[in-house]
Amino acid sequence: MDVINAEQAKIAEEAGACAVMALERVPADIRKEGGVARMSDPKKIKEIMAAVTIPVMAKVRIGHFVEAQILEALSVDFIDESEVLTPADDQNHVNKHDFSVPFVCGARDLGEALRRIAEGASMIRTKGEAGTGNVVQAVKHARTINHQIRIAKAMDSTELYSYAKELGVSHELLKKTAELGRLPVVNFAAGGLVIVS
């Protein structure tokens, strides 16, 4: 549940939320106004963490390792390297192996999902268009990932090697995914969709 203050976090917890995402404002609104959507104010995150007993997550911009270091120092429960924030680096994501706090990252297809996992993501998310409530894109991305896994599962070792190159991912990680018939980490879709993990 997205929250912007301690009061909302308490309400979310009382309503049964299993975790809250600490936000300063809705990122889509910030971008619409021409602003830079970045990590929430650490003071606000601390207030939210002090108000609830459930896990608190917070977002960092793609590639912004310093924001991730700040969140780790605050002891958040999960870091979301989020595509809804204004990217800090359009070429590189945060090396999540450098952190002890688990990361969740978004993915639109199998290649993106496996690259984020290779970087150290503990969870993959597919989601609709941020701030709209429209889950069409979440459904599309979930179907795409599942379809590409089925394709990989049907391939022989030579084809799988070529497919790994095509997707820009590790052959070993793709092979493991094909053998499992699913991503090797938890995969969830925002917006009320359920994906078997």
Quiz item: Do we have any residue at all in region 139-154 that's without any contact (Cβ under 8 Å) to a residue 60 or more places away in the chain, surrounded by 17 or more Cβ atoms within 10 Å (Cβ to Cβ) and not in a helix (DSSP H, G or I)?
Solution: no
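Picking from Lys59, Lys96, which residue would you name as being among the charged types (D, E, K, R), in contact with a Gly (Cβ under 7 Å, 6 or more places away or on another chain), in the same structural domain as Gln8 (by TED's automatic domain parsing) and buried (at least 21 other Cβ atoms within 10 Å of the Cβ)? Full working, then the answer.
On the way: Lys59 fails: in contact with a Gly (Cβ under 7 Å, 6 or more places away or on another chain).
Answer to the check: Lys96.
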Practice problem: Filter region 106-121 for residues that are under 29 Å from Thr53 (Cα atoms), outside any helix (DSSP H, G or I) and modelled with pLDDT of 95 or more and give the result. | Solution: Gly120, Ala121
Quiz prompt | Residues (of a type in the set (A, V, I, L, M) and within 16 Å of Pro27 (Cβ to Cβ)) located in region 57-86 | solution = Met57, Ala58, Val60, Ile62, Leu71, Ile79, Val84, Leu85
Exercise. Looking only at region 69-80, decide whether some residue is buried (at least 20 other Cβ atoms within 10 Å of the Cβ) and of a type in the set (Gly, Ala, Ser).
Key: no
Practice problem: Go through region 36-50 and count every residue that is surrounded by fewer than 19 Cβ atoms within 10 Å (Cβ to Cβ) and in contact (Cβ under 8 Å) with a residue 40 or more places away in the chain. | Solution: 5
Quiz item: Taking the condition out of contact with any helix residue (DSSP H, G or I) (no Cβ under 8 Å at 6 or more places or on another chain) and either within 22 Å of Arg125 (Cβ to Cβ) or modelled with pLDDT under 95 (or both), does Ser82 pass?
Solution: no
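Just for region 95-118: of the residues that are of a type in the set (A, V, I, L, M, F, W, C) and touching a Lys or Arg at 6+ places or on another chain (Cβ under 9 Å), which one is nearest to Ala164 (Cα to Cα)? Break it down stepwise before answering.
Looking only at region 95-118, we keep the residues that are of a type in the set (A, V, I, L, M, F, W, C), and these are 99, 101, 103-105, 107, 110, 113-114, 117-118.
From the residues that got through so far, the ones that are touching a Lys or Arg at 6+ places or on another chain (Cβ under 9 Å) too are 103-105, 107.
Numbers: Phe103: 23, Val104: 22, Cys105: 20, Ala107: 16 Å.
For region 95-118, the residue satisfying everything is Ala107.
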Quiz item: Looking at (1) at pLDDT below 95; (2) over 26 Å from Thr144 (Cα atoms), which is the only condition Val52 fails?
Solution: (1)
Exercise. Could you tell me whether any residue of region 69-83 is touching a residue at least 40 places away in the same chain (Cβ under 8 Å) and of a type in the set (Gly, Ala, Ser)?
Key: yes
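The values are calculated or read from the model by the stated rules, or taken from the named source; none is laboratory data. Values in this document were obtained by computation on a predicted structure and should not be read as measured data. Counting neighbours? That spans all protein chains shown, and the Cβs are built from the backbone with ideal geometry, glycine included.
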